[in-house]
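Trainee: For reference, the structure I am asking about is given below.
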Amino acid sequence: DAKTTQPTSMDCAEGRAANLPCNHSTISGNEYVYWYRQIHSQGPQYIIHGLKNNETNEMASLIITEDRKSSTLILPHATLRDTAVYYCIVRHYGGSQGNLIFGKGTKLSVKP
Amino acid sequence: DTAVSQTPKYLVTQMGNDKSIKCEQNLGHDTMYWYKQDSKKFLKIMFSYNNKELIINETVPNRFSPKSPDKAHLNLHINSLELGDSAVYFCASRPAGTSDETYFGAGTRLSVL
């Protein structure tokens, strides 16, 4: 079973920041937080991951709370092409515990 | 170059048939996966495989079997197809023992009639 809780759906205006929350209160010390997204009919796409520090790449920023029990994915300037289902996943770095177990995700709709 | 490629993209077949879906990755990864996404869009892991171990999700019927001719390939064989097998199947790979990302193929949409 997925170890994360996310809102079922969210809307965002085009050009605004999209902030997607995720709760992972049972995360263990050696588990990372990963974000993937799935645009309609395509394979899941990696966005970003982190352990305890905030992370930023060309796609997004990941803010992890100090107690690591929750995180927020930030898409700084959402576009219509960012409409997708976003999955927050916690996983160990290796072995069978390193497998990605998907929950239901958050369906983000970016509107003009 | 496509990192994880699956063929075919679409597969339509009759109930009771046996079919295979091929997957190849050119990333040098040693762990590969098959996922199933049903009509409710829930992505479920079916198998994880590297050259040391095969882990099967216990809910997967034994009509499904992964076959790995070499490290770069993990094919999915399905025997005696049933209506409920209709879904999108995704192949994926990642390097073992690291925090690096998992790469997914574009999916194979299987329709059993």
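Bear in mind that the values in this text are calculations on the coordinates, not laboratory data. All values reported here derive from a predicted model rather than from experimental measurement. Ideal geometry is used to build each Cβ from the backbone, glycine not excepted, and the neighbour counts take in all protein chains shown.
Trainee: For the stretch A:1-109, which fully contained strands (runs of 3 or more DSSP E) count at least 1 residues that are among the hydrophobic types (A, V, I, L, M, F, W, C) and closer than 23 Å to B:Tyr49 by Cα?
Mentor: Filter on the stretch A:1-109 gives A:31-38, A:84-92.
Trainee: Go through the stretch B:98-112 and report how many residues are surrounded by fewer than 17 Cβ atoms within 10 Å (Cβ to Cβ), in contact with a Leu (Cβ under 8 Å, 6 or more places away or on another chain) and not polar (S, T, N, Q).
Mentor: Looking only at that region, the number is 1.
Trainee: If you don't mind, there's one more thing I want to ask. Conditions first: (1) within 12 Å of A:Cys22 (Cβ to Cβ); (2) surrounded by fewer than 21 Cβ atoms within 10 Å (Cβ to Cβ). A:Leu73 passes all but one, so which condition is the exception?
Mentor: For A:Leu73, the failing item is (2).
Trainee: Follow-up. Cβ-Cβ under 7 Å, sequence separation 6+ or interchain: first residue in the stretch B:83-105 and within 7 Å of chain A (Cβ to nearest Cβ), partner β-branched (Val, Ile, Thr) and not in a helix (DSSP H, G or I). Which pairs?
Mentor: Filtered contacts from the stretch B:83-105: B:Ala96/B:Thr31; B:Phe104/B:Val4; B:Gly105/B:Val4.
Trainee: Next up: I'm checking my understanding of the structure. Among residues of the stretch A:5-22 that are more than 17 Å from A:Ile47 (Cα to Cα) and buried (at least 16 other Cβ atoms within 10 Å of the Cβ), which one is farthest from the chain's Cα centre (by Cα)?
Mentor: A:Cys12
Trainee: Select from the stretch B:1-59 the residues that are away from chain A (no Cβ under 13 Å), surrounded by 13 or more Cβ atoms within 10 Å (Cβ to Cβ) and not in a loop (DSSP other than H, G, I, E, B) and list them in ascending order.
Mentor: Hits for the stretch B:1-59 are B:Thr7, B:Leu11, B:Thr13, B:Lys19, B:Ser20, B:Ile21, B:Lys22, B:Glu24.
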